[in-house]
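Taking it in order: structure first as structure tokens, then the write-up.
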Amino acid sequence: MPGRTGAGRVEGLDPLQWLRYRCAATGLRLRLARMPPTGAEPTGLGAGALMEPVVGGQDRSRAGGGTAGRLLALLAVVLVALVVIVVALTRFGGLEVVDQQFYSHISPATGKAEDIQFLYRLIFWLALVVFVGVQTAIVYTALKFRRRNETRPPQIHGNRTAEIAWTVIPAVVLLALFIPTAQTIFKHAAAEETADFEIDVLGKQWWWEFQYPGIPLSETDAAAGPLVTANEIMIPQGANVVFNLHSNNVIHSFWVPQLSGKRDVIPGHENRLQFTADKVGEYFGECTEFCGSAHAWMRFKVLVVPPPEFAAWVQAMRQPPAVDGNPETADVVEAPPAFGVCLACHRVNGTNAVIAQQGINSNPYGEGAGPNLSLLACRDTIAAGLLENTPENLARWLKETDDVKDGTYMPNYYEQGTINDQQVQELVDYLMTLKPAGGCPADPPVGGDPAFVPGQQTDDRALPQNQPIAVAPAAETQARAAVEGS
Amino acid sequence: MASVVYPAPHAQPHGDTSRGTATVARPKSQTGLRSWLTTIDHKRIGIMYGVSAFLFFMLGGFEALLIRVQLARPENTFVDAQRYNELFTMHGTTMVFLALMPMASAFFNYVVPLQIGARDVAFPRLNAFSLWTFVAGAIILNLPVLASLPSTLAYILGQLFGWVPQFTLPFGNFVPDQGWYGYAPLTTPLFSGKEIDFWAFGIQVLGIASLAASFNFIVTIFNMRAPGMTMMRMPIFTWSTLITSILIAMAFPAVTIALVLLSFDRLAGTSFFSPYNLVDGQLIATGGDPLLWQHLFWIFGHPEVYILILPAFGIVSEVIPVFARKPLFGYAVMVYAIAAIAFLGFGVWVHHMFVTGLGPTPDAVFSASTMLIAIPTGVKILNWTATMWGGSLRFSTPMLFAVGLVSQFVIGGLSGVMHAVVPVDSQQNDTYFVVAHFHYVLFGGTVFAIFAGLYYWWPKIFGKVLSERLGKLHFWLTFAGFNLTFFPMHFLGLAGMPRRYWSYGAESGLWFWNIIVSAGALLIAASVWVFLYNVLESHKRDRKAPADPWDGATLEWAIPSPPPVYNFREIPIVTHRDQLWVEKYGPGDHAHGQEDELDVTIAGAKVGGMTVPDEQAGEQAAQRAETLHAEDDAHGIHLPNPSWYPLISSVGLLVLVLGILIDNPHLQVLFLGIPLISLVGAVVMILGFYGWAFEPASDPVHSDAGMGSAH
């Protein structure tokens, strides 16, 4: 153990002796505990020797550099390495360290997300400059002013100019940052008023319900309510869409990183989130406010599709499930009897299972507690983004519900003995028939169409932007024609 | 401003004690368990705060390790969702309320009276009451954890041997699982169980302890400074203690109210925080508002962040000048910066709620106020650097941790400014980017400073020398582990990984940084073991520490290590800010610089190139000192006596709360609708207060025996 010698050298001294120094200015003595009861005047003990720290006892100042120096050098290396890592792994503040970027806001696909990404890049570079500057100052100071001898350095108490400078300069920088921040805040708030396509979002434990208040489920029966789907939102390209966020249970947060920042879904509040869906694509969304056991598996997808495909999807959603395609000629698929237990919570449009829609005032535990299953076979995933939608996974979901999604409210009727293997298979077969006539539409490109250039129409079927999207009969006819032609 | 008041207490620790009007005999022992239970010595209370805080630091760290094991792989099943939610809830709650806050309390208790030249705090028995009430709150919070151990063990057995016991323990879902911030409606009865009551009452009781302690320190610092120690001559750590105490006194009432309303919601069927309630299977609107909870909680919660970080700033402001052998650069500005941060800290709570949809105007206003806090914080960072500049730096372990804070806190500060930019925050809120941010603040800030303070004051507190070699190993392990753990969390946040996810998909690509983060967490754990080994080794080797091992500038280094029970044999007279340096090296250097000019306007006049107290203050100080010395000469040193009553009162409070929380019809016997156990607790508590009120602070003096004989 190095340094014991140093300790030994000092330990013999009474460290309090030198405290008997009379303060010349006031003539008052600092008399201290355990001080020898003498009137001895200060002996002028060498302060430098006494000030030698004995903890650890190392006297490294004479060793030339010493461990402290090496450690400081290491500190410098670590800091430089950190900066290198940051820069190497980022591209304009973006990030290329994950295999897929479509969970991330660094690849924006709407104007709104672009605005946010611009601000992020601005502050990232500002922060990097400050970071490098301050760390350099700290490391340089630490290396330059290491203790080399025991003389006391000049006792500087402050410097008003310097302190005013490093109060004012950050204030100016922050003001420069605040101006675009406030501009963006108000710009995005104003944009909420311009929306022309509404979607009601209902945060559930732990899945999402989406309702289209402008699109009735039935063209003839108004009482059937709006079109309802779950966990996958379909949006026509170019729609200036606003989401009305509702919850009747706990707080959730609605986040599609590539399309917009998040907004909390708070019971008793009507929050809104707006963006214009410029770019055809499939976007990843998730809940970001802790909402209970299965919070981690409350994911969803946003599918931005060309308007004709959207119209076709709406039409298909209204149809009953049909055998091999054409609903006008073929038989409607009969649900197996076992599906009855599912009807406590689930619905399928166009069947006898389409009764009262679940609304925001429904009981969180009871009727209407499960996702609408219309066109289930076309969804990419089941259990709110947890499992890929395959027959095998559907069967697994029905048989091992709680193992698959820990905490879910969906009962495991298989384990309870209500349904058997045979019935599970019937249910899976039935669910896999829930797709539109002519098959499921092709998925839009994941993470957005890379060839898309904002402001240019790359798809001649797309409607002009900023034009209200309504599912007019004409569009439906067009869509049906497109489907029949394919 | 020279309010030099020293309430000379009239008693002797060794004096013959007699029973006052009290019903419990005055404890007499100076050693052994009983002396620790009844002590009102600020130093012993400080040590007990520190030991319990460190134990909870390790418990909270263990919970963090379990979290990291779970997240080391995608779709891991090391713990299930419920256990994971319990782990992050208890990790946050434990670290904030049971580790970092009481560790700051430990330093307040031990160091502040020494720094201001006092023999104890203003209300020593209230101080003991704070400690025992803190212990009571910690017990209440962790009872569910204890109760869940059997089922956890059963689960571990099941994991290890593939055999899951087919029985359900009565404490199955019993640990708080709603997050340390307890957002309603997750905490309302519709969505939670009994465990939330333990959480709410635990925090409530901890709030009582914190409030009592904060009043104590405000009074102590205002009234018990040594003669001549004006406010602007106070050591900066004492300043940070004062301002932190004011913050506690002003911030805790908000969470107290919130928790009272929550408890009404939970136990009395009200709906302050729940907009819906389930009545006969029907959801009905009740008019409650979950956002009310968020406002109340964050009006407390954001100042709470400064309650955690300002003591850290104070410690670093003590350590850096000593190891640079140079006064703190811009003392006055550093004091103003602490005050400014504390003041602004009350006006930024909405930045926790930028995505709750409050509207553009509040968002913009709170964005601006949040950015403002960066200014005094930046000043502090640069003033610390300027303190080092031109100094004679020795990088002993306390200095390494202190400079580590200066360097690492910058990162937390910068990501904090990122979150002030509301649109950017709308992307980063509730992702791992935020987790990275506040760990750079609370670990890179508070924990680094706690270790700096532990290494700095350890020789003073225990009179023993810690190994520098192990200390430096500890620092570099901590530094590496800390950055390895928390820096990649920025990447995870940018990549879209939300907080409080018990699992994540294998396809997300998040596994890469997660495994590195988990490895870093192991490194941090290893560094804590190095510290513990250092402590054990120092105890074994028993190398005595001198009184002033670091060439300190403040009064605590003027007395022996460890300090005698009475601290100062004679109360020192303070003439300068860095009093001990002036004593040791003469006032020469300290006559220069703007800081002394500031002093002139406050307390002193410039005479012959020196700052001395003005005539009146000098006379008062001299008279005061004479009186004190005369008293000492006549009666020895007077210290208040130990007392059982603070402990009795706290135990009564604990029983009172447990009576409410017990959820067993056989145990919870009601008397007029009030749980019988709670009644017993209330009676004990009131008797404790009663005895305390009528017990003299110290027993009458009989002779000059005792400490006084050590003249």
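The values are calculated or read from the model by the stated rules, or taken from the named source; none is laboratory data. Since the model is a prediction, treat every value here as computed from it, not as a measurement. Here Cβ is always computed from backbone atoms with ideal geometry, including for glycine, and neighbour counts include all displayed protein chains.
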Selection count, region B:544-573, where residues are facing chain A (nearest Cβ under 9 Å), among the β-branched types (Val, Ile, Thr) and either more than 26 Å from residue B:320 (Cα to Cα) or over 26 Å from the mean Cα position of the chain (by Cα) (or both): 1
Matching residues, region A:159-198, being at the interface with chain B (Cβ under 9 Å from one of its Cβ atoms) and polar (S, T, N, Q): A:159, A:167, A:181, A:184
Selection from region B:219-237 of residues that are in a helix (DSSP H, G or I) and within 15 Å of residue B:42 (Cα to Cα): B:219, B:220, B:221
Filtered residues of region A:136-158 (kept if within 7 Å of chain B (Cβ to nearest Cβ) and in a helix (DSSP H, G or I)): A:137, A:138, A:141, A:142
Tally of residues being within 9 Å of another protein chain (Cβ to nearest Cβ), touching a helix residue (DSSP H, G or I) at 6+ places or on another chain (Cβ under 6 Å) and under 19 Å from residue B:424 (Cβ atoms) across region B:358-376: 8
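Being among the aromatic types (Phe, Trp, Tyr) and crowded, with 24+ Cβ neighbours inside 10 Å, is that true of even one residue in region B:219-233?
Of region B:219-233, the ones among the aromatic types (Phe, Trp, Tyr) are B:222.
Imposing the further condition that a residue be crowded, with 24+ Cβ neighbours inside 10 Å reduces the set to none.
Looking for residues that are among the aromatic types (Phe, Trp, Tyr) and crowded, with 24+ Cβ neighbours inside 10 Å, one finds none in region B:219-233, hence no.
Take the residues of region B:208-218 that are in contact (Cβ under 8 Å) with a residue 60 or more places away in the chain and not aliphatic (A, V, I, L, M): which is surrounded by the fewest Cβ atoms within 10 Å (Cβ to Cβ)? Walk me through it before giving the result.
Filtering region B:208-218 down to residues in contact (Cβ under 8 Å) with a residue 60 or more places away in the chain leaves B:208-210, B:212-213, B:215-217.
Restricting the remaining residues to those that are not aliphatic (A, V, I, L, M) gives B:210, B:215-217.
Numbers: B:210: 26, B:215: 17, B:216: 23, B:217: 27.
The qualifying residue surrounded by the fewest Cβ atoms within 10 Å (Cβ to Cβ) is B:215.
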So residue A:247, is it surrounded by fewer than 23 Cβ atoms within 10 Å (Cβ to Cβ), in contact with a Gly (Cβ under 9 Å, 6 or more places away or on another chain) and either assigned by TED's automatic domain parsing to the domain that holds residue A:388 or closer than 19 Å to residue A:196 by Cβ (or both): no
Top-ranked residue of region A:185-219 - restricted to ones that are small (Gly, Ala, Ser) and in a strand (DSSP E or B), ranked as modelled with the lowest pLDDT: A:214
Cβ-Cβ under 8 Å pairs, at least 6 apart or on other chains, region A:412-427 side farther than 15 Å from residue A:342 by Cβ, far side outside any loop (DSSP other than H, G, I, E, B) and aromatic (Phe, Trp, Tyr): none
Residue tally, condition surrounded by fewer than 22 Cβ atoms within 10 Å (Cβ to Cβ) and over 22 Å from residue A:134 (Cα atoms), over region B:357-384: 11
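What are the residues in region B:286-337 that are part of a helix (DSSP H, G or I) and among the β-branched types (Val, Ile, Thr), if any? Write out each step before concluding.
Of region B:286-337, the ones part of a helix (DSSP H, G or I) are B:290-324, B:331-337.
Those that are part of a helix (DSSP H, G or I) and among the β-branched types (Val, Ile, Thr): B:299, B:305, B:307, B:309, B:315, B:316, B:319, B:320, B:322, B:333, B:335.
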Residue check, residue A:382 in contact with a strand residue (DSSP E or B) (Cβ under 9 Å, 6 or more places away or on another chain), buried (at least 18 other Cβ atoms within 10 Å of the Cβ) and within 21 Å of residue A:347 (Cα to Cα): yes
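Here is a yes/no grid of residues against (1) farther than 18 Å from residue B:398 by Cβ; (2) at the interface with chain A (Cβ under 7 Å from one of its Cβ atoms); (3) modelled with pLDDT of 95 or more:
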residue	(1), (2), (3)
B:491	yes, yes, no
B:510	yes, yes, no
B:516	yes, no, no
B:531	no, no, yes
B:539	yes, no, no
B:542	yes, no, no
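Yes or no: region B:257-265 includes at least one residue that is of a type outside the set (D, E, K, R), in a helix (DSSP H, G or I) and free of Cβ contacts under 8 Å to residues at least 12 places away in the same chain.
Quick first cut of region B:257-265, residues of a type outside the set (D, E, K, R) only: B:257-264.
Now restrict to residues that are in a helix (DSSP H, G or I): B:257-264.
With the extra rule that they be free of Cβ contacts under 8 Å to residues at least 12 places away in the same chain, the set shrinks to B:264.
Looking through region B:257-265, at least one residue is of a type outside the set (D, E, K, R), in a helix (DSSP H, G or I) and free of Cβ contacts under 8 Å to residues at least 12 places away in the same chain.
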Subset of region A:99-141 that is under 30 Å from residue B:390 (Cα atoms), surrounded by 20 or more Cβ atoms within 10 Å (Cβ to Cβ) and among the polar types (S, T, N, Q) - its residue that is farthest from the chain's Cα centre (by Cα): A:141
Filter result (out of contact with any strand residue (DSSP E or B) (no Cβ under 7 Å at 6 or more places or on another chain) and more than 10 Å from chain B (Cβ to nearest Cβ)) within region A:256-297: A:278
